[in-house]
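The values are calculated or read from the model by the stated rules, or taken from the named source; none is laboratory data. Values in this document were obtained by computation on a predicted structure and should not be read as measured data. No Cβ is skipped: glycine too gets one built from the backbone with ideal geometry, and neighbour counts run over all protein chains shown.
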Amino acid sequence: MSILIYAESSEGKFKKTAFELASYAKKIAEQTNSSVSAVVFNCSDASELGKYGVSKVIKINQPNLQNFVAQAYAETISQVAKNEGITVVVLSTSADSLYLSPLVSVSLQAGYASNVVALPTSLEPFKVKRNSFSSKAFGIVELKSAIKIIGLSKNSFGLVENPTQVSETDYTPTLSAHALALQQVSVEKGSGKVTIADAEVVVSGGRGLKGPENWGMLEELAESLGAATACSKPVSDLGWRPHSEHVGQTGKPVASNLYIAVGISGAIQHLAGVNASKVKVVINTDPEAPFFKAADYGIVGDAFEIVPKLTQKIKEFKAQNH
Ligand SMILES: Cc1cc2nc3c(=O)[nH]c(=O)nc-3n(C[C@H](O)[C@H](O)[C@H](O)COP(=O)(O)OP(=O)(O)OC[C@H]3O[C@@H](n4cnc5c(N)ncnc54)[C@H](O)[C@@H]3O)c2cc1C
């Protein structure tokens, strides 16, 4: 067995998911006496991946692949997989990787299991556990193809350091006209704040905040924690916040380490999209709000009193500890 991960990066820096994929792949490699390779785009120094068990890095540094384009990246990853004799490809479940995975799967004629939440339950036959219906159900699937593709759910394995000697090599893919037909010339990030997909901490507001003019206190709390801001569906429907912040079943999924829900009732459609978060803190005036049942920590009280106090405490704590 030989394993390849696609280590995602942004502006030359690896995303945390890259290290999670490496940690996960290394664990499989240990069980099968094999090694982990990584394909990386636009990263000059990939040695950091060695810390999490990657022993070979294949670097793609081409001007026309500076920005993500699904078809071109998929062709590149497939070529690397073929050249390296890869039998297991591990991708993340980021928006980019969700575009990529089916394309790579078709190109390699590989079985693809998305939303995988754990190490393979069996290697021969190759079986993995995946979640369905917004983590309401889990299923074991068997991948019968020669090459297997795993889409690992964010934060389902974590980071495990495993220092390994890493070699780096450059590769120039041969891309089809189809792949080159579209090129992303530039990417503009919305306001330079933390995005929900990358955030370790998300501070989310609901209709309990009464109006858009009250979001300042949530933004301040988010800033003190280095968190992304999010909201419930009605809040974005009302135009209080941009649709890009809407989380839940019909919005963005959240799988952060900490999710702070302020003035959100915890309707099933909201919970479906945020339940994968590790620790959930709920602030709500109504002790009967359904969100408390899903919460790890709950504060029954008025957000307008609690949020500023919480921000103040976090700032004081940071000041004392820096
Ligand atoms: C098909 C479908 C898909 C949907 N998809 C989504 C989705 O993806 N995401 C989503 O969020 N919703 C979704 N919804 C809507 C969902 O059912 C709920 O209506 C919605 O989540 C409620 O939003 P909310 O909690 O902000 O508002 P509310 O239900 O109005 O809750 C407001 C909460 O704020 C509390 N509150 C009031 N004042 C304060 C205060 N001062 N301090 C603290 N707390 C206070 C109240 O006690 C209450 O619990 C969907 C619905 C349908 C039918």
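If the requirement is being touching a helix residue (DSSP H, G or I) at 6+ places or on another chain (Cβ under 9 Å), within 12 Å of the ligand (Cβ to nearest atom) and in a helix (DSSP H, G or I), which of these qualifies: Phe304, Phe292?
Details: Phe292 fails: touching a helix residue (DSSP H, G or I) at 6+ places or on another chain (Cβ under 9 Å).
The unique qualifying residue is Phe304.
If you go through the range 122-144 and keep only what is surrounded by 13 or more Cβ atoms within 10 Å (Cβ to Cβ), polar (S, T, N, Q) and under 21 Å from Lys27 (Cα atoms), you end up with just Asn131.
Sort out which residues of the range 230-245 are touching a strand residue (DSSP E or B) at 6+ places or on another chain (Cβ under 7 Å), within 9 Å of the ligand (Cβ to nearest atom) and over 14 Å from Ile260 (Cα atoms), and write them in order of number. Matches in the range 230-245: Lys233, Val235, Ser236. Restricting Leu65, Leu49, Leu4 to residues that are within 21 Å of Val106 (Cβ to Cβ), aliphatic (A, V, I, L, M) and within 19 Å of the chain's Cα centre (by Cα) narrows the list to Leu4.
Could we say that Lys59 is more than 16 Å from Gly111 (Cα to Cα), in a helix (DSSP H, G or I) and touching a residue at least 40 places away in the same chain (Cβ under 8 Å) here? Break it down into steps so the answer makes sense when it comes.
On the way: more than 16 Å from Gly111 (Cα to Cα): yes; in a helix (DSSP H, G or I): no; touching a residue at least 40 places away in the same chain (Cβ under 8 Å): yes.
So Lys59 does not fit the description; no.
Please determine, by comparing only the residues of the range 170-229 that are within 29 Å of Val39 (Cα to Cα) and assigned to a strand (DSSP E or B), which one is farthest from the ligand (Cβ to nearest atom). The selected residue is Asp170. A single member of Ile283, Ile260, Ile264 is buried (at least 17 other Cβ atoms within 10 Å of the Cβ), at pLDDT 95 or above and more than 9 Å from the ligand (Cβ to nearest atom), and it is Ile260.
Restricting attention to the range 236-253, and to residues there that are part of a loop (DSSP other than H, G, I, E, B) and more than 17 Å from the chain's Cα centre (by Cα), which single residue is surrounded by the fewest Cβ atoms within 10 Å (Cβ to Cβ)?
Our first condition is that a residue be part of a loop (DSSP other than H, G, I, E, B); within the range 236-253, this holds for 238-242, 248-251, 253.
Next, only the ones that are more than 17 Å from the chain's Cα centre (by Cα) stay: 238-242, 250.
Numbers: Leu238: 12, Gly239: 9, Trp240: 21, Arg241: 21, Pro242: 11, Thr250: 11.
If we take residues in the range 236-253 being part of a loop (DSSP other than H, G, I, E, B) and more than 17 Å from the chain's Cα centre (by Cα), then Gly239 is surrounded by the fewest Cβ atoms within 10 Å (Cβ to Cβ).
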